[in-house]
Amino acid sequence: MKTVNTFGIQFIIRQDKLKNDKAPIYARITVNGEIIHFALKQWVNPLIWDARRGTSKGKGDAAKNINNGLDQVRLTLGNCYQQLLLKGKLITPDAIKDAFFGTDSAEPNTLSRLIEYHNEQAKHELTWSTLKHYYVTQRYLTKFMEKRFRKSDVLLQEINYKFIADFETFLRAHKPLDHQKPMNNNGVMKHLIRVENSLILTT
């Protein structure tokens, strides 16, 4: 199952932090509407800054050096984003920043961590009556992985059509030990939709 992240890089200046008539340049990373800023340790005269383009105006050596540095930052951030995708990690502005500065964890992200992240974020958007169903889906996923893979978690790159199809088969064949009835088609589809909603955080 694959979704698309909206990923953007912009460069801005902070005129409220002027020093010797120069403003610091910040990188702004946006992923799916979530934004983070961090300083690049580059300074520019606000009079020669093109806010629309996010570059220094002019053809002098100073402007060229600034713009060449920003091009390199943009390229590096783009590479960080691609590497996170390849490693199956959760894509967030903080994750890209950590990768840029070399402070990211070497441990790839997993399905359980993604589900937990989704549920934590959803606390601000969903009612408890809705959110508790996501926790039920999470428990079914854990049972499925323990039965299918003999482990309680899998890497995100292991999530494909077969994984989802096998999970659907597991749900339809599951026989509760308590008083609950076997799951009907509507119940199965709701669990699959919740998994899809959680996976929308990644690609």
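The values are calculated or read from the model by the stated rules, or taken from the named source; none is laboratory data. Predicted model only: the values in this text are computed from it and were never measured. Heads up, the Cβs are rebuilt from the backbone with ideal geometry, glycines too, and the neighbour counts pull from every protein chain shown.
Results for (1) touching a Gly at 6+ places or on another chain (Cβ under 7 Å); (2) assigned to a strand (DSSP E or B); (3) of a type in the set (D, E, K, R); (4) closer than 30 Å to Lys162 by Cβ, shown as yes or no for each residue.
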position: Pro24; (1), (2), (3), (4): no, yes, no, no
position: His37; (1), (2), (3), (4): no, yes, no, no
position: Leu40; (1), (2), (3), (4): no, yes, no, no
position: Arg52; (1), (2), (3), (4): no, no, yes, no
position: Ala62; (1), (2), (3), (4): no, no, no, no
position: Thr76; (1), (2), (3), (4): no, no, no, no
position: Gln82; (1), (2), (3), (4): no, no, no, yes
position: Ala99; (1), (2), (3), (4): no, no, no, yes
Determine, yes or no, whether Phe163 is touching a residue at least 12 places away in the same chain (Cβ under 8 Å) and assigned to a helix (DSSP H, G or I). no
Cross-chain or 6+ apart pairs with Cβ under 7 Å, region 141-152 first and without any contact (Cβ under 8 Å) to a residue 40 or more places away in the chain, then among the polar types (S, T, N, Q): Thr142/Ser152; Met145/Ser152; Glu146/Ser152
Count - residues of region 149-171 that are over 26 Å from the mean Cα position of the chain (by Cα) and modelled with pLDDT of 90 or more: 3
Got at least one residue in region 140-162 being of a type in the set (Ser, Thr, Tyr) and surrounded by fewer than 13 Cβ atoms within 10 Å (Cβ to Cβ)? yes
Pairs with Cβ under 7 Å, 6+ apart, first in region 13-33 and closer than 17 Å to Arg53 by Cβ, second in a loop (DSSP other than H, G, I, E, B) and not hydroxyl-bearing (Ser, Thr, Tyr): Ala23/Arg14; Tyr26/Arg14
Which of (1) outside any strand (DSSP E or B); (2) touching a helix residue (DSSP H, G or I) at 6+ places or on another chain (Cβ under 7 Å) does Asp16 not meet, given it meets every other one? (2)
Is it the case that Thr142 is closer than 23 Å to Thr169 by Cα and in a helix (DSSP H, G or I)? yes
Region 101-117: number of residues that are assigned to a helix (DSSP H, G or I) and at pLDDT 80 or above: 7
Tabulated pairs, region 84-97, first assigned by TED's automatic domain parsing to the domain that holds Ala27, second basic (Lys, Arg) and part of a helix (DSSP H, G or I), C-beta under 8 angstrom, 6+ apart or interchain: Leu90/Arg113
Can you tell me which condition Ser56 does not meet? The list is (1) farther than 25 Å from Asp16 by Cα; (2) over 28 Å from the mean Cα position of the chain (by Cα); (3) surrounded by 15 or more Cβ atoms within 10 Å (Cβ to Cβ), and all the others hold. (1)
Of those in region 13-51 that are among the β-branched types (Val, Ile, Thr) and within 30 Å of Gly88 (Cα to Cα), the residue surrounded by the fewest Cβ atoms within 10 Å (Cβ to Cβ) is Ile35
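Tell me the residue from Arg148, Arg194 that is charged (D, E, K, R) and under 24 Å from Leu126 (Cα atoms), please.
Numbers: Arg148 fails: under 24 Å from Leu126 (Cα atoms).
Sole residue among the options that is charged (D, E, K, R) and under 24 Å from Leu126 (Cα atoms): Arg194.
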